[in-house]
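See below for the structure under consideration.
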Amino acid sequence: MFGGVAVANITEDIRTGLNLPKEVQGAVIADIDSESPAAKAGLREGDVIQEVNKQPVKNAKDLVAISKKLKLNEKILMRVYSQGRSGYVALEAK
């Protein structure tokens with residue numbers, strides 16, 4: 001979907017470590033390249049991707065499946081849980 005981003009499922013250890021509320025689901029960013037489009041859009045390690053283009057993301061597998069359907073240079077709108085709140089981030093698939 002966007003190079004330079006590694007995601008993982010939210011485990012209980014991750015949930016506790018990031019102080020995530022129980023209702024937050026998605027794919028947590030485990031590693032991110034500072035030069036990637038996602039990092040330039042403001043995403044960082046520990047953020048949780050909850051939705052991509054209105055499609056819910058329950059885990060890392062969901063995110064990978066959705067990302068395979070994206071076209072190069074397609075505009076992406078993601079709902080992301082970061083630092084205690086959800087918000088939207090727009091970027092372009094590379």
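The values are calculated or read from the model by the stated rules, or taken from the named source; none is laboratory data. The model shown is predicted, which means the values in this text are computed figures rather than measured ones. Because the Cβ atoms are built from the backbone with ideal geometry, glycine has one as well, and the counts that use them run over all protein chains shown. Note: areas computed on protein heavy atoms with side chains; ligands, DNA, RNA excluded. Shrake-Rupley method; radii C 1.70, N 1.55, O 1.52, S 1.80 Å.
Observations
- Our helix-only sum for the chain, with -39,500 (n - 2.57) per DSSP H run of n ≥ 4 divided by its residues, gives a mean residue ellipticity at 222 nm of -5500 deg cm²/dmol.
- The label point for Ala90 and the one for Asp31, both projected 7 Å from the Cα toward the Cβ, are 3.2 nm apart.
- Within the accessible surface of the chain, defined with a 1.4 Å probe on protein heavy atoms only, the carbon and sulfur portion equals 50 percent.
- Dipole moment magnitude, nearest 20 debye, the chain about Cα centre, only Lys, Arg, Asp, Glu C-beta charged: 400
- Given the chain, longest segment not containing exposed loop GluC sites (Glu not before Pro) (DSSP; at most 15 other Cβ within 10 Å): 46-73
- Accessible surface for the chain, divided over its residues, is 59 Å² per residue with a 1.4 Å probe.
- Pairwise Lys count, the chain - Cα closer than 19 Å, eight or more residues apart or different chains: 15
- Long-range HN-HN contacts of Ile10 with modeled amide H, under 5 Å: Gly26, Val28, Ala60
- Sparsely packed loop sites in segment 1-69 (the trypsin sites (Lys or Arg not before Pro) outside DSSP H, G, I, E and B with at most 11 other Cβ atoms within 10 Å) comprise Lys22, Lys54.
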